[in-house]
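Since the structure comes first, as structure tokens, the remarks are kept for the end.
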Amino acid sequence: MVIEELAGHGRALPSGVVAFLFSDIEGSTRLLATLGEAYKPLLADHRRLLRAVWAERDGAEVGTEGDSFFVAFARPSDAIRAARDAQLALAEHDWGATPVRVRIGLHAGEASLEDDDYTGMAVHLAARVSAAAHGGQVLLTEACRALGAEALGATLGTMDLGPHRLKDIPDEVALHQLTGAGLRDDFPPLRTMERYRTNPARATDQLRRTRERGE
């Protein structure tokens, strides 16, 4: 993992059980190819909006690369609220003719700090969860949902998406989608390893059951 900026603009990096958030812009390469120089102000607005959210929710920006963020939170509940706030801020912003959609993944677990950087499977898992999401979607592991339950209630909840296999992660991972006012809930099947590539009928059935659970 290449990290351009460390220690989250002066914020101390949390240790012990940490909630990790990864985000990036869906289709950023296509946007850059289509927009050229006009992509730069969109990227700048995206960074400004999200950095304001991370700061408000006590997130420590571990690093950024291109259109992605890697942020650590001492409290999983803050990470969940930050993911919600980020999607709402992005949805409310006037992007003109080219909307910017960001996918976000969350996981909470033990991680070691070495030379102002995190190591451990928890970091890799959070990154893989983010990669499975679609633009506008927030995915979180069962561990993050349980540890951050304080953030969930009448206005913010989760939808059980079942177990999934993620690249380079040996065991299936139980994933949830963050739900609540202002958050989209109509997404295609997740971008996971085998569940939808080999069996389109299973994908359709899973999507139907996911929507039924949400209703």
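We did not get these values from a lab; they are worked out from the coordinates using the rules stated. All values derive from a computational prediction rather than experimental measurement. Cβ: placed from backbone, ideal geometry, glycine included. Neighbour counts: every protein chain shown.
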(Q) I'd like to verify a number: residues in segment 43-93 that are of a type in the set (G, A, S) and assigned to a loop (DSSP other than H, G, I, E, B), how many? (A) 3
Q. Name the residues in segment 145-173 that are within 16 Å of M121 (Cβ to Cβ) and either more than 17 Å from the chain's Cα centre (by Cα) or part of a loop (DSSP other than H, G, I, E, B) (or both), would you?
A. R165, L166, K167, D168, I169, P170, D171, E172
Q | Answer from A74, A82, A86, A55 - the residue that is more than 13 Å from P14 (Cβ to Cβ) and out of contact with any Phe, Trp or Tyr (no Cβ under 9 Å at 6 or more places or on another chain) | A | A55
Q: Report, by residue number, each residue of segment 78-103 that is surrounded by fewer than 20 Cβ atoms within 10 Å (Cβ to Cβ) and either of a type in the set (G, A, S) or closer than 17 Å to Q137 by Cα (or both).
A: D85, L88, A89, A91, E92, H93, G96, A97, P99, R101
(Q) Restricting to segment 50-70, give me the number of residues that are among the aliphatic types (A, V, I, L, M) and surrounded by fewer than 19 Cβ atoms within 10 Å (Cβ to Cβ). (A) 2
Q.
I'd like the full set of residues that are part of a helix (DSSP H, G or I) and touching a residue at least 60 places away in the same chain (Cβ under 8 Å), limited to segment 94-124.
A. A122, V123
